[in-house]
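Below is one structure, written out as structure tokens, with a few remarks after it.
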Amino acid sequence: MRILSITAGAAGMYCGSCFRDNALAAELMRHGHEVMLMPVYTPTRTDEANVSAPHVLFGGISVYLQQRMPAFRRLPRMFDRVWDAPRVLRAVASRGVATSPDLLGDLTVSMLEGRGGLLAREFDKLLEWTRHAPVPDVISLPNSLLIAMAAPLREAFNRPVCCTVQGEELFLDGLAPAYRERAVDLIRQQVDRVDRFIAVSDYSAAFMCRYLGVPAERMSVVPLGIGMVDYTRRAVDPARFTVGYFARVAREKGLHVLAEAYVRLRTRMGSAPARLEAAGYLAPADRPYLAHVRSILRAAGLSDEFLYRGEVDRVGKLGFLHGLDVLSVPATYDEPKGMFLLEAMASGVPVVQPRRGAFTEIVERTGGGLLVAPDDPDALATGLNRLRTDRGLMADLADRAWSGVRAHYDIAASAARMADVYATTVREAELPPPAPVLERRRQNEG
């Protein structure tokens, strides 16, 4: 099967959605499928071999300039080739490009307005690109924020379009009310232009059907998957209890809740040694938030027990996870993915998570952790202390985490399920190959 898979770059930071898109594409390739993984906005950054194409659609600099300065919508295309060069996009992204929803409301709406909006020039460039691109069997969009690409791609190739939903509701809910209402309304208007929606969890499937008005019969679930080849079992250190956090450092991910729970945990431990360690991307705008987390621990006299390791690469990630006894990311919203749970469990690290979003199904399906009341530092501290005081329970949960994630969230199974969904979508669409495009392709190849 030939697959055109769009993936959204995250301005130079490690991004769970980029990881998923790249891992799926690589695994599908290993199984003989031909996948063109095309980035939009910026080149993607992953901690595994990156299989995305070097060309970037909807280059982030061009999009931003056209949104902010009308004159750039009329410049000769030669200037776009400068802004859209991958090396230029990487250089700008490495300096920390804003991706916060409170700054990007108008740009989000313009993107969703498609060819009828301020970014019509970029949609014209997309259509020009399709004239020379291989004709796919199926087209895959990475999230509903890019749903305006569905109609032009479907028309250009006459092939069915799938759209994954993997957490964009958090971004949408962060928009100013006027932008949020307009954006959600624009997505809802274009639902019929997508042949099949794909959710990364049962929770996400049910929620997004309600949120975007997607008919349940057009929603499939393809659970997350990760490659397990580099993950080895951690060695337990009985001399110290180490609590870990591995996610983007931002208020909605709940590091402050974990810090408050850790303070409560320490009051129950006496003089027994313990550590709280965190790793993950920290945006410049969230540095005051990390300072707030440090202040919680400093007020309790626990500053010396906290270590923030920063953003880590793959080797650093595996080493970080090996040093943990338990992982907790007590997000304050209904997380639809939970990739960090899979990564911890793949190293044999049990988790303690709030009962919300996709956390519930991941923990219950694998058996690799405990579920506690959400937004409750006392409940979280009780769960952490339960593992600390019952080493037998912790060992049992670690075994279940190790085996459960391999049984239910392996990338090979995820890719096989995705291939099945794509094949079913193609079969149900009953669309013949587009003769004009195939003729152009023969001429180009000749």
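Taking the Cα centre of the chain as the origin, how large is its charge dipole in debye, to the nearest 20, when only Lys and Arg (+1) and Asp and Glu (-1) carry charge on their Cβ atoms?
So the dipole magnitude of the chain works out to roughly 840 debye.
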Using a Förster distance of 35 Å, the FRET efficiency for Ala120-Glu430 (Cβ separation, nearest 0.05) = 0.65
With label points set 7 Å from each Cα along the Cα-to-Cβ direction at Met1 and Thr332, the distance between them in nm comes to 4.0
Cα→Cβ-extended label distance, 7 Å offset, between Ala395 and Arg233, nm = 1.1
Using modelled amide H (1.01 Å from N, peptide plane; none on Pro or chain starts), what sits under 5 Å from the amide H of Val35, excluding residues fewer than 5 places away?
-> Ile3
Spin-label proximity, Ser403 to region 334-349 - amide N less than 18 Å from point 7 Å beyond Cα toward beta carbon | 345-349
Positive-end residue of Ala279, Ala247, Ala381, charge dipole of region 241-408 with Cβ unit charges = Ala279
³J(HN,Hα) across region 286-298 via Karplus (A = 6.51, B = -1.76, C = 1.60, θ = phi - 60°), whole Hz, x for Gly/Pro?
-> 9, 4, x, 5, 4, 4, 5, 4, 4, 5, 4, 6, 5
Check: region 164-315 dipole with +1 on Lys, Arg Cβ and -1 on Asp, Glu Cβ, in debye | 480
Unit charges at the beta carbon, dipole of the chain: most positive-side option, Pro330, Val263, Ala300 = Ala300
Note the listed values [x] 23.8; [y] 22.9; [z] 22.4, then indicate which one is Kirkwood radius over Cα pairs in Å calculated from this particular structure.
-> [y]
Under the Karplus relation 6.51 cos²θ - 1.76 cosθ + 1.60, θ = phi - 60°, what is the ordered set of whole-Hz ³J(HN,Hα) values for region 19-29, x standing for Gly and Pro?
-> 4, 4, 4, 5, 5, 5, 4, 4, 5, 4, 4
May I ask you to evaluate 6.51 cos²θ - 1.76 cosθ + 1.60, the Karplus curve with θ = phi - 60°, for each residue of region 391-408 and list the ³J(HN,Hα) values in order in whole Hz, giving x for glycine and proline?
-> 5, x, 5, 4, 5, 5, 5, 5, 4, 5, 4, 4, 7, x, 5, 6, 6, 10
What shape does region 185-280 take by its C-alpha gyration tensor, where a ≥ b ≥ c are the square roots of the eigenvalues and a/c under 1.5 counts as rounded, a/b above b/c as prolate, and the rest as oblate?
-> prolate
According to a simple spin-label model (label point 7 Å from Cα along Cα-to-Cβ), what is the distance in nm between Ala206 and Tyr308?
-> 3.6
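In terms of the Cα gyration tensor, with a ≥ b ≥ c the square roots of its eigenvalues, is region 241-408 rounded because a/c is under 1.5, prolate because a/b exceeds b/c, or oblate? Before the final figure, lay out each step's value.
Values: a/c = 1.45, a/b = 1.21, b/c = 1.20.
It comes out rounded by the Cα gyration axes.
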Which order results if Thr130, Thr232 are arranged by neighbouring Cβ count within 10 Å, fewest first?
-> Thr232, Thr130
Between 0 and 90°, nearest 10: helix 357-366 axis offset from the chain longest Cα axis = 70
Rank these for me by crowding, Asp334, Asp21, going from fewest to most other beta carbons within 10 Å.
-> Asp334, Asp21
Can you tell me how much longer the chain between Arg268 and Arg240 gets when fully stretched, taken as 0.36 nm per residue apart minus their C-alpha distance, in nm with one decimal?
-> 8.6 nm
For Arg188, put the label point 7 Å out on the Cα→Cβ axis and report which residues of region 200-221 keep their amide N under 16 Å from it.
-> 207-216
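Please state the charge dipole magnitude for region 241-408, taken about the Cα centre, from unit charges on C-beta atoms (+1 on K and R, -1 on D and E), reported in debye and rounded to the nearest 20. Could you put the intermediate results ahead of the total?
On the way: 22 positive and 20 negative charges, 42 e Å.
Result for region 241-408 is approximately 200 debye, rounded to the nearest 20.
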Going by Cβ distance under 4.7 Å, what cysteines of the chain have no possible disulfide partner?
-> Cys162, Cys163, Cys209
Order of Thr425, Thr7, Thr360 - criterion: other Cβ atoms within 10 Å of each residue's Cβ, fewest first = Thr360, Thr425, Thr7
Consider a paramagnetic label point 7 Å from the Cα of Asp420 along Cα→Cβ; state which residues of region 191-206 have an amide N under 16 Å from it.
-> 198-202
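A short reminder: the numbers here are calculations on the coordinates, not readings from a lab. Predicted, not measured: the structure shown is a model, and the values here were computed from it. Every residue, glycine as well, gets a Cβ built from its backbone with ideal geometry; the counts of neighbours run over all protein chains shown.
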